Amino acid sequence: EGGIGFSLEGRGVGSGGLIKPNYTVDAEGTVVVEITVDPKGNVIGAEQGKGTFAPSELVTEAIKAARKTKFNAINGTNPQQGTITYKFNLN
């Protein structure tokens, strides 16, 4: 399996938790996804970030999972930048 962590100042994860990516290839790696989150907690942008060392198939699945993740809502109007880091490990 692996692990998932996130960095988004002042926010917690919404009720669905951090969405786990599909593990589509027999490979290991770390994928950093740079996210943009609207005030309602929706991920409105997700792309590969610096610090990614993984096959493209894992990057694709991590970005899909990041887009499905929901964070708690905040007061305000500006989108917020952060990251979600996925570590894929073979067992």
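The values are calculated or read from the model by the stated rules, or taken from the named source; none is laboratory data. Small disclaimer: the values here were computed from a predicted structure and weren't measured. In this analysis, Cβ positions are derived from the backbone assuming ideal geometry, glycine residues included, and neighbour counts consider all displayed protein chains. Accessible surface areas use protein heavy atoms only, side chains included; no ligands, DNA or RNA. Shrake-Rupley method; radii C 1.70, N 1.55, O 1.52, S 1.80 Å.
Worth a mention:
- Any chance L90 is part of a loop (DSSP other than H, G, I, E, B) and open to solvent by 50 Å² or more (accessible area, probe 1.4 Å): yes
- Scope region 54-78; condition under 20 Å from G16 (Cα atoms) and either of a type in the set (V, I, T) or open to solvent by 10 Å² or more (accessible area, probe 1.4 Å) (or both); matching residues: E61, I63, K64, R67, K68, T69, K70, N72, A73, I74
- Of residues in region 18-48 being farther than 15 Å from T83 by Cα and without any contact (Cβ under 8 Å) to a residue 40 or more places away in the chain, the one least open to solvent (accessible area, probe 1.4 Å): V25
- Residue that is surrounded by 14 or more Cβ atoms within 10 Å (Cβ to Cβ) and either without any contact (Cβ under 8 Å) to a residue 24 or more places away in the chain or on the phi > 0 side of the Ramachandran plot (or both), where the choices are G51, G2: G2
- Of everything listed in (1) closer than 26 Å to N91 by Cβ; (2) out of contact with any strand residue (DSSP E or B) (no Cβ under 8 Å at 6 or more places or on another chain), the single unmet condition for K40 is (1).
- When region 54-77 is filtered for residues that are part of a helix (DSSP H, G or I), touching a strand residue (DSSP E or B) at 6+ places or on another chain (Cβ under 9 Å) and of a type in the set (D, E, K, R), the ones remaining, listed by number, are E61, K64, R67, K68.
- Checking T77, T85 one by one, the residue that is of a type in the set (S, T, Y) and within 17 Å of I4 (Cα to Cα) is T85 and no other.
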